[in-house]
Amino acid sequence: MTERASGDAGGLTALSPGRLAWRRFRRSALAMWGARALLALYALAVLAPFVAPYAENDMDRGRFFHPPTAVHWRDGAGRWHPGGFVYATQPVGERDRSFAPDRSRPLELRWFPRGAPYRLLGVIPADRHLYGVDAPDRVYLLGADGLGRDVLSRVLYGAQVSLTVGLVGILISFSIGLLLGGISGYFGGWVDEVLMRATELLLSIPGLYLIVALRAVFPAELSSRQVYLAIVVILAFIGWAALARVIRGMVLGIRRAEYVLAAEALGMSRMRIIVRHILPNTSSFVIVAATVAVPGYILGEVFLSFLGMGVQEPSASWGNMLAAARSYSVLTRHPWVLFAPAAAIFVTVMSFNVFGDGLRDALDPRKVPGGKG
């Protein structure tokens, strides 16, 4: 398959399948938007301690349910503030407490100030944050929750849990599904029967009830790190079966290919043939399936945490942030506590979906490239 190369005066230059797929992928505006959004989300998760102005559990008991703070660049006197500023706030009302801006006290935004110490990437000690204001005042761009904790900081720290659950879960479940599906399709016979019956048994159990039942097996007094690992194990355990069945069907069609027969004639071991020659030919499907499946793992963690069986307070995840905002009073009087994690979940799931759709179209071998990329 050929396509005219850029800058070539009429000649035809052969392009690799990877370059053809990239050209098709970048023609989709939605897919490119999804890819950029995912890169930004994962970059924010990695750099969460730096981007967040406060630590994950830094509380201010005088600012419960503080509303979001607006950033200004020009004050009432018309003076320009190049770094931006926010107005200090003061509580108003005694019974129904709320906050009003004190326009006589503009607080300059400090860029790269020192703050709570942390370890960047879990290794590098640091105490610089992206922005902040001089203590004891605080800035809440997305508001504060019922304990006076910065919602933006908790959303960023929660992304480290909610986003990585999907990647780690996919890595485990797809490894199991690929291996078992490849073995089942290649060996056939009683091996195929045993593996496929076990797969069908797992698929016959409703996933929602299976998740809850498996989580109930683990002790209730697990630490946040152990709960995180437990959730990954649960989601990976229920996620490999569907992939294994599809891979088994693909391997049934591949195992009689000439290159497989040649490898057998050369005396290669069966496992090496499966790993080196058969499974790589399912990579296009696996890549697309992984991008489509990741949102399911993220929503699984959100579901468990929302029910109180996932990551527990004081550690942050998008699921337990939603759980903290489910009361009627919070929804009606302090909606920002709900909107921030809900928006993060929505953007992440939509980004994975459009990215996966674009990737599927780009890797479709039946697509014929047309024109210049």
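The values are calculated or read from the model by the stated rules, or taken from the named source; none is laboratory data. Keep in mind that what you see is a predicted model, and the values were worked out from it rather than measured. Every residue, glycine among them, receives a Cβ derived from its backbone with ideal geometry; neighbour counts consider all protein chains shown. Side chains are part of the model used for accessible areas, which takes the heavy atoms of the whole protein and leaves out ligands, DNA and RNA. Shrake-Rupley method; radii C 1.70, N 1.55, O 1.52, S 1.80 Å.
One residue stands out among those in segment 232-283 that are surrounded by fewer than 19 Cβ atoms within 10 Å (Cβ to Cβ), aliphatic (A, V, I, L, M) and under 30 Å from residue 310 (Cβ atoms): the one that is farthest from the chain's Cα centre (by Cα), which is 246.
Here are some residues: 76, 122, 83. Which one is open to solvent by less than 40 Å² (accessible area, probe 1.4 Å) and small (Gly, Ala, Ser)?
Working: 76 fails: open to solvent by less than 40 Å² (accessible area, probe 1.4 Å); 122 fails: open to solvent by less than 40 Å² (accessible area, probe 1.4 Å).
Criteria check complete, one pass: 83.
Of all residue pairs spaced 6 or more apart or on separate chains, those with beta-carbon atoms under 9 Å, a first member in segment 223-244 that is touching a residue at least 60 places away in the same chain (Cβ under 8 Å) and more than 27 Å from residue 283 (Cα to Cα) and a second member that is open to solvent by 50 Å² or more (accessible area, probe 1.4 Å) and of a type in the set (S, T, N, Q) are 224/312; 227/312.
Here residue 309 fulfils each of the conditions (1) of a type in the set (A, V, I, L, M); (2) modelled with pLDDT of 80 or more; (3) crowded, with 17+ Cβ neighbours inside 10 Å; (4) not in a helix (DSSP H, G or I) apart from (2). Condition (residue is in contact (Cβ under 8 Å) with a residue 12 or more places away in the chain, closer than 23 Å to residue 296 by Cα and among the charged types (D, E, K, R)) applied to segment 210-218: is it met by at least one residue? Yes, that holds for at least one residue. When 37, 31, 100 are checked against the criterion of being assigned to a strand (DSSP E or B), open to solvent by less than 60 Å² (accessible area, probe 1.4 Å) and of a type in the set (Gly, Ala, Ser), 100 stands alone in meeting it.
Scan segment 324-344 residue by residue and report those that are small (Gly, Ala, Ser), surrounded by 18 or more Cβ atoms within 10 Å (Cβ to Cβ) and part of a helix (DSSP H, G or I). Walk me through it before giving the result.
Of the residues in segment 324-344, the ones small (Gly, Ala, Ser) are 324-325, 327, 329, 340, 342-344.
From what is left, the residues that are surrounded by 18 or more Cβ atoms within 10 Å (Cβ to Cβ) are 324-325, 340, 344.
Matches in segment 324-344: 324, 340, 344.
Within segment 71-97, restricting attention to residues that are assigned to a strand (DSSP E or B) and aliphatic (A, V, I, L, M), the residue that is nearest to residue 141 (Cα to Cα) is 86.
Scan segment 256-287 residue by residue and report those that are small (Gly, Ala, Ser) and closer than 18 Å to residue 178 by Cα.
Correct list: 269, 283, 284.
For residue 192, the criteria (1) open to solvent by less than 30 Å² (accessible area, probe 1.4 Å); (2) among the charged types (D, E, K, R); (3) touching a strand residue (DSSP E or B) at 6+ places or on another chain (Cβ under 9 Å); (4) without any contact (Cβ under 8 Å) to a residue 60 or more places away in the chain hold in every case but one, which is (3). Starting from residues that are of a type in the set (Ser, Thr, Tyr) and within 10 Å of residue 232 (Cβ to Cβ), keep the ones in segment 163-183 and report whichever is farthest from the chain's Cα centre (by Cα). Among those that are of a type in the set (Ser, Thr, Tyr) and within 10 Å of residue 232 (Cβ to Cβ), it is 173. Residue 37 meets the conditions (1) over 24 Å from residue 287 (Cβ atoms); (2) modelled with pLDDT of 80 or more; (3) out of contact with any Gly (no Cβ under 8 Å at 6 or more places or on another chain) in every case but one. The failed one is (1). Taking the stated definitions as given, is residue 169 small (Gly, Ala, Ser) and either over 13 Å from residue 301 (Cα atoms) or free of Cβ contacts under 8 Å to residues at least 40 places away in the same chain (or both)? So residue 169 does not fit the description; no. Within segment 129-183, being among the polar types (S, T, N, Q), over 30 Å from residue 249 (Cα atoms) and open to solvent by less than 10 Å² (accessible area, probe 1.4 Å) holds for 153, 162.
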